[in-house]
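*Asks:* Sharing a structure here in structure tokens format.
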Amino acid sequence: MEPELIRRAKARDGEAMAMIATELEGMIKSTVQRVQPFSQDRENLIGEGFLILMECIDDFDEERGVTFPFYFRKRFRYFLMDDLKRTLRYDFRPIDDGEDFPSDDDVAEEAIGEERAEELSAMLDTLSPKEEQVIRLFYYGSLSLSEIAGFMGLSYQTVANTKSRALKKLRGVYEAGQTTDSF
């Protein structure tokens, strides 16, 4: 991306801003898809991407030796990771107003699912906060160990060891709760 185009956009040249937004639209969509593939509000996240893009145009300093697309991608990715962290922390699920009423079979299936989810939640409570966060980000957030390491500010090896230790604890808790009657 040309430095002159960025300078024109900083000066609030609408054409330059539109050109940058058009050029980086694909990056915004693919970053949302990679970081939050199961998001219920994908369009809102893409809109946030364009807002962050405008902030980045204002904040960008070309003398730091970083290209604008790299700078923008990092800032947007951190925003998405932070949003994901908040979502996982509060277990937020938007309400769908257009939902049909469930059948009795659906209710029974959901009750079993909720019971298993409660059991899993109780098992996750046995982990340390760091272990729980790694497990949630890896399995619920579908992040790789390297992404988790970058997100949490830890080394890859620390995250891998934390995940391994957490799974070992969860297996122990699960096996302690199982009896021959439960099969």
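*Asks:* I'd like the residue in the stretch 60-86 that is loosely packed, with under 12 Cβ neighbours inside 10 Å and acidic (Asp, Glu) and, out of all such residues, is modelled with the lowest pLDDT.
*Replies:* ASP82
*Asks:* State whether one or more residues within the stretch 102-112 are within 17 Å of the chain's Cα centre (by Cα) and either modelled with pLDDT under 80 or of a type in the set (S, T, N, Q) (or both).
*Replies:* no
*Asks:* Return yes when LEU137 is assigned to a helix (DSSP H, G or I) and farther than 29 Å from PHE79 by Cβ and no when it is not.
*Replies:* The answer is no for LEU137.
*Asks:* Among LEU143, LEU127, LEU154, LEU170, which is in a helix (DSSP H, G or I), surrounded by 12 or more Cβ atoms within 10 Å (Cβ to Cβ) and out of contact with any Asp or Glu (no Cβ under 8 Å at 6 or more places or on another chain)?
*Replies:* LEU170
*Asks:* Ok, one more. I need the full set of residues from the stretch 14-43 which are part of a loop (DSSP other than H, G, I, E, B) and open to solvent by less than 50 Å² (accessible area, probe 1.4 Å), in order please.
*Replies:* The answer is GLN36, PRO37, SER39.
The values are calculated or read from the model by the stated rules, or taken from the named source; none is laboratory data. Predicted model, so just to flag it, every value in this text is computed and none were measured. Note that each Cβ is placed from the backbone with ideal geometry, even for glycine, and that neighbours are counted across all protein chains shown. The protein model used for the area step is the full one, side chains on, heavy atoms only, and it has no ligands, DNA or RNA in it. Shrake-Rupley method; radii C 1.70, N 1.55, O 1.52, S 1.80 Å.
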